[in-house]
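K.L.:
Provided herewith is a single structure, encoded as structure tokens, for subsequent inquiry.
The values are calculated or read from the model by the stated rules, or taken from the named source; none is laboratory data. Keep in mind that what you see is a predicted model, and the values were worked out from it rather than measured. Every residue, glycine among them, receives a Cβ derived from its backbone with ideal geometry; neighbour counts consider all protein chains shown.
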Amino acid sequence: MTPPRFTFPTPPPARSVLCALESLYALQTVDRGGRMTSLGEMVAELPLKPMCAAMLCRSGEWGCVDEALSIAAMLQVDNVFLKPSGGKQSIEAKLSRRNNFEVAEGDIIMYLNIMEAYLKLKTSADDKKNARACKQWCDKYYINYKVMEKIRNNNLWITQSVVPCGNQTCYTLRDSRLSSHRTNRAACSDCLLLIICKTERILKCIVSGYFPQAAYLSPDASYRGVRGATLAMSPDSCLFRVQQPKWVIFASVSSSSGVSYMRDVSAVQQAWLLDLAPHYYRQT
């Protein structure tokens, strides 16, 4: 049954269904007839939104499966940083974030750096000792310990849904009752890892899933979505206080006072969009 003909208990507006179908087609998860592709079948099995799932399914091509799992886990929460109400602590929290975590590549690479640093604290076989070390670290850097633990659990939960492999579609889905098994990707002869900067590979992996949500900096200093929407950088983004990148990818949007703010933003290159999604940008 194709999506436009599905019988919903409460039918959504036809325009919403068509927009959703267009997005799925752009991701190559459905074909022109609205039937799921092999990629679409895997995306449908993952407990994630389609763009995030597509990114995860393509991560093997970029040699960043572990990083993509962490990204997917972190994008399920709102904010890892604590926000003191005001005064000295508020200033210290902002300085801590800026000096220790913010990077020119954007929010998602920042999230990965935080996650990597957090997991390195869990070196002891003593769970209580690990928890104490993690809490102290979070307090020091104004990071929400409960949110970080939720992210870690999200990572385990998502990982249990997939098995990395080395061919074009980097995951084989398993029954959720089975534990996940990680293969040695270096031994997979079908997996050609590009010899390029790791951070660039991760960013390209993000683009491979989120390319419909790209925006460019216009002459009036606002951003324009590829379909013409006017957007603004979220004040919470680590790219808000620096020279604005010409092109960005964003994972979500929030609205306030009539302004649409891009959240979870990454700086990208226009050439990546053309290279990784020519089927989409030739039509845009």
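K.L.:
Just one of the numbered conditions (1) outside any helix (DSSP H, G or I); (2) under 20 Å from Ser208 (Cα atoms) is not true of Glu102; which one?
P.N.:
Failing condition for Glu102: (2).
K.L.:
Then there's this: Find the residue count for the range 251-284, including only residues that are farther than 25 Å from Leu48 by Cα and touching a helix residue (DSSP H, G or I) at 6+ places or on another chain (Cβ under 8 Å).
P.N.:
Number satisfying all stated conditions: 1.
K.L.:
Criterion first (among the small types (Gly, Ala, Ser), without any contact (Cβ under 8 Å) to a residue 24 or more places away in the chain, in contact with a Leu (Cβ under 8 Å, 6 or more places away or on another chain) and surrounded by 15 or more Cβ atoms within 10 Å (Cβ to Cβ)) does Gly209 satisfy it? Don't jump to the end; show me each part of the working.
P.N.:
Numbers: among the small types (Gly, Ala, Ser): yes; without any contact (Cβ under 8 Å) to a residue 24 or more places away in the chain: no; in contact with a Leu (Cβ under 8 Å, 6 or more places away or on another chain): yes; surrounded by 15 or more Cβ atoms within 10 Å (Cβ to Cβ): yes.
So Gly209 does not fit the description; no.
K.L.:
Does the range 247-274 hold any residues that are surrounded by 13 or more Cβ atoms within 10 Å (Cβ to Cβ) and either more than 16 Å from Tyr210 (Cβ to Cβ) or of a type outside the set (A, V, I, L, M) (or both), and which are they?
P.N.:
Within the range 247-274, Trp247, Phe250, Ser252, Ser260, Tyr261, Arg263, Asp264, Ser266, Gln269, Trp272 meet the criteria.
K.L.:
I'm checking my understanding of the structure. Among residues of the range 107-136 that are in a helix (DSSP H, G or I) and touching a helix residue (DSSP H, G or I) at 6+ places or on another chain (Cβ under 7 Å), which one is surrounded by the fewest Cβ atoms within 10 Å (Cβ to Cβ)?
P.N.:
Lys135
K.L.:
Listed residues Ala215, Ala229, Ala221; which is crowded, with 22+ Cβ neighbours inside 10 Å, more than 25 Å from Gly63 (Cβ to Cβ) and over 14 Å from the mean Cα position of the chain (by Cα)?
P.N.:
Details: Ala229 fails: crowded, with 22+ Cβ neighbours inside 10 Å; Ala221 fails: crowded, with 22+ Cβ neighbours inside 10 Å.
Criteria check complete, one pass: Ala215.
K.L.:
If you don't mind, another one. Run Lys88 past the list (1) farther than 21 Å from Lys120 by Cα; (2) of a type in the set (D, E, K, R); (3) in contact with a helix residue (DSSP H, G or I) (Cβ under 8 Å, 6 or more places away or on another chain) and report the number of the one that doesn't hold.
P.N.:
Condition not satisfied by Lys88: (3).
One line per residue, one yes/no per condition, for (1) more than 19 Å from the chain's Cα centre (by Cα); (2) at pLDDT 80 or above:
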position	(1), (2)
Pro3	yes, no
Val17	yes, no
Arg32	yes, yes
Glu41	yes, yes
Glu45	no, yes
Ala53	no, yes
Gly63	no, yes
Asp66	no, yes
Ser70	no, yes
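K.L.:
Residue pairs, Cβ under 8 Å, 6 or more apart or interchain, first in the range 11-36 and within 23 Å of Ser208 (Cα to Cα) and surrounded by 12 or more Cβ atoms within 10 Å (Cβ to Cβ), second at pLDDT below 85 and of a type in the set (S, T, N, Q). List them.
P.N.:
Listed pairs, sorted by first residue: Gly34/Thr2.
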